[in-house]
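The values are calculated or read from the model by the stated rules, or taken from the named source; none is laboratory data. As the structure is a prediction and not an experimental result, all values here were calculated from the model. Reconstructed Cβ throughout: ideal geometry from the backbone, glycine too, with neighbour counts over all protein chains shown.
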Amino acid sequence: MLIYGDPKRCERADSLCETIAARLHAVECRPPGVERHAALIGILLTLGELAQGLADLEFEDLGADDLSPLQEAAGGILLDVARMVSHSWHRGFAGDLRVPERASALLRKLGRPLTLSVKEPEGYAFYAVYPESYIEAARRSGLAANTRVIGIRTIGTSLSAVVSAAIGGGVPFTVRPTGHPFRRQVAIGAQLRRQLLSDPVADFAIVDEGPGLSGSSFGSVADWLEEQAIGDRRIHLFPGHKGDPGPEACERHRQRWAARPRHVVGMDELLLETAAPRHRLASWVADLVGPLERPLEDFSGGSWRRALPGDRSAWPPADHRFERRKFLAHTADGAWLVKFAGLGDIGERKLVRARLLAEASFTPPVAGLCHGFLVQKWVPAHVGAQELERAEFIAHLGRYLAFRARCLPPPRTGGASLSKLCAMALVNTEEALGAAGLASLKRRISDAWRYESLVVPTDTDNRLQPWEWLAAGEHGYFKTDALDHSAGHDLVGSQDMAWDIAGAVIEFDLSQGEAADLRAAVADGCRRAVSAELQALFEIFYLGFQLGLWTSARPLAPAEECHRLDAAASRYAKLLRQRIMESGD
């Protein structure tokens, strides 16, 4: 099943350097506290993008990872800022921050008019991967300063810097494993090889976010080291979680994973279980909304469904792969939802969206952002599809979607093209419905290219299921989970307004008349017509994507979740079969 994407954007190296220089100057002037620390993390992440883009640019030219003056300069300033982050964290955000004197010279050296392909790390955006976790893991590892730290791009660029900073090491190295996702390989140039192997007794630390389904990115680096006669006892792993690689891992990698030291400090240990008050998520939340009456209540992994009316048998499905960490904070003035929104600029952009939507009364009120977690008023009154006043809801939905198209800035990375959506629908349909379904779909979407000129990407919601809506009193309805799915790492991304209309048609079983009313409401709200033909095409693509999404969630889901996932996938498969047969096949 095809559901994942690989969104990238283009940035100029000189523009990034100008931005970083200005923000380094500004952060020195900020008062001590977690807000200053969060701003420093934002600089670290931007520097990581710059270093990743430069390294990948040279990798494309050489066909291998190697040393270069540009990468040395980028790694140098990245390590400088990583040391600042490590000191800030260790001191509980207190004291002055001092930017190293060489920072300006290094940024000038990097500030060239080069166009870079930059990828935003999913861990920082969606999965609550904190650089501070790696700082703590590195400090507890016992590794010496001469350890060769190797980050796996993308996210390993900045994570390797904080690991090296925490052990007092030098500029880390980064590599880009390539090839089949389950069988990655690395290509190491001559200079980088000599540098890595120059100390015959040094340990090696491999740093990345995973492991995922196969752990082959970690495995490819360790394989290369062993091929250079590096004994496995010198190899240390810095992953993002304490679990094992997924079902696609090879036996060699599984055995190594079980045998080698893994240095991990998870988010819960870092922010929830810590003895340091200044490092506790609960303390940051209390600074925003007042004293908490009891510990944060974990609402992650589908636990939010406890707030739904009825018993567990009526719960909607939950896909644990894409769920954000979230908690409920209880205060004297009521409850607040504390949900991971992203670190650095990522979270700040989502805060802007959240405030715009809340000020327009489409989402609950916002208290603020505390180092990656967005805090919004908790509204427990979920609305079932059968309880909606359909005409009223359709009018509200039209206003909501028009507001998104008119007022929210589109994501920095675009969405899938019609050709990519076609490819996704064909693959998922063949896997679910077989050759007959594939043949019918091919005939049904044979002229999809004709609609390319009609597509105007907007900040689409991409999650319009009935359980995503709350009763909002005089405001009608509140939308939940409305901030980041058009910039997720699934392949859909930002689309034309017709995508959300298609999603509403599917999720609420709208009649042709109701769909026409919704199109008219959206068009009236943003003064741009919505193509009924494009909407019909998107309905097919939407069904193909949702079918793939819920089907692929099953292998890694808890046993009690499987029947819900199966029911969701069966519904989308049935509707997809109906639509691709509409032409008379």
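The single condition among (1) in contact with an Asp or Glu (Cβ under 7 Å, 6 or more places away or on another chain); (2) farther than 21 Å from Tyr572 by Cα that Glu474 does not meet is (1).
Which of the residues that make up the stretch 353-374 are free of Cβ contacts under 8 Å to residues at least 24 places away in the same chain, of a type in the set (A, V, I, L, M) and more than 19 Å from Leu401 (Cβ to Cβ)? Full working, then the answer.
Residues of the stretch 353-374 free of Cβ contacts under 8 Å to residues at least 24 places away in the same chain: 355, 358-359, 365-366.
Still in the list and also of a type in the set (A, V, I, L, M): 358, 366.
Result: Val366, single match.
For (1) assigned by TED's automatic domain parsing to the domain that holds Leu196; (2) among the charged types (D, E, K, R); (3) under 26 Å from Gly334 (Cβ atoms), each residue gets a yes or a no:
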| position | (1), (2), (3) |
| --- | --- |
| Val207 | yes, no, no |
| Ala222 | yes, no, no |
| Glu248 | yes, yes, no |
| Arg252 | yes, yes, no |
| Arg262 | yes, yes, no |
| Pro295 | no, no, yes |
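Scanning the stretch 543-557 for residues that are closer than 15 Å to Gly503 by Cβ and surrounded by fewer than 21 Cβ atoms within 10 Å (Cβ to Cβ) gives no hits.
So which of Ile155, Ile188, Ile167, Ile150 ends up being touching a Leu at 6+ places or on another chain (Cβ under 6 Å) and under 25 Å from Asp223 (Cβ atoms)?
Working: Ile155 fails: touching a Leu at 6+ places or on another chain (Cβ under 6 Å); Ile188 fails: touching a Leu at 6+ places or on another chain (Cβ under 6 Å); Ile150 fails: touching a Leu at 6+ places or on another chain (Cβ under 6 Å).
From the options Ile155, Ile188, Ile167, Ile150, the qualifying one is Ile167.
Right, Leu213: modelled with pLDDT under 95 and either farther than 28 Å from Arg83 by Cα or not in a helix (DSSP H, G or I) (or both) or not? Considered against the rule, which asks whether it is modelled with pLDDT under 95 and either farther than 28 Å from Arg83 by Cα or not in a helix (DSSP H, G or I) (or both), Leu213 comes out as yes. Residue pairs whose Cβ atoms lie under 8 Å apart, sitting 6 or more positions apart in sequence or on different chains, and linking a residue in the stretch 192-216 that is hydroxyl-bearing (Ser, Thr, Tyr) to a partner that is surrounded by 20 or more Cβ atoms within 10 Å (Cβ to Cβ) and not in a loop (DSSP other than H, G, I, E, B), are Ser214/His253; Ser216/His253. Contact map, the stretch 51-72: first residue buried (at least 18 other Cβ atoms within 10 Å of the Cβ), second residue among the aromatic types (Phe, Trp, Tyr), Cβ cut-off under 6 Å, separation 6 or more or different chains; pairs are Asp65/Phe59.
Gly246 meets each of the listed conditions (1) under 30 Å from Arg183 (Cα atoms); (2) crowded, with 17+ Cβ neighbours inside 10 Å; (3) within 25 Å of the chain's Cα centre (by Cα); (4) not basic (Lys, Arg) apart from (2). Candidates are the residues of the stretch 570-585 that are surrounded by 14 or more Cβ atoms within 10 Å (Cβ to Cβ), touching a residue at least 12 places away in the same chain (Cβ under 8 Å) and charged (D, E, K, R); the one that is nearest to Ala504 (Cα to Cα) is Arg579.
Tell me the residue from Arg140, Arg176 that is surrounded by fewer than 18 Cβ atoms within 10 Å (Cβ to Cβ), among the basic types (Lys, Arg) and either modelled with pLDDT of 95 or more or closer than 19 Å to Ala82 by Cβ (or both), please.
Values: Arg176 fails: surrounded by fewer than 18 Cβ atoms within 10 Å (Cβ to Cβ).
It is Arg140.
Here the helices (runs of 4 or more DSSP H) wholly within the stretch 52-130 that include at least 1 residues being farther than 30 Å from Arg321 by Cα and modelled with pLDDT of 95 or more are 69-90, 103-110.
Condition check for Leu40 on (1) part of a helix (DSSP H, G or I); (2) free of Cβ contacts under 8 Å to residues at least 24 places away in the same chain: one failure, at (2).
When you check Ala314 against the structure, is it surrounded by fewer than 15 Cβ atoms within 10 Å (Cβ to Cβ) and in contact with a helix residue (DSSP H, G or I) (Cβ under 8 Å, 6 or more places away or on another chain), yes or no? Break it down into steps so the answer makes sense when it comes.
Working: surrounded by fewer than 15 Cβ atoms within 10 Å (Cβ to Cβ): yes; in contact with a helix residue (DSSP H, G or I) (Cβ under 8 Å, 6 or more places away or on another chain): no.
Spelling it out, it is not the case that Ala314 is surrounded by fewer than 15 Cβ atoms within 10 Å (Cβ to Cβ) and in contact with a helix residue (DSSP H, G or I) (Cβ under 8 Å, 6 or more places away or on another chain).
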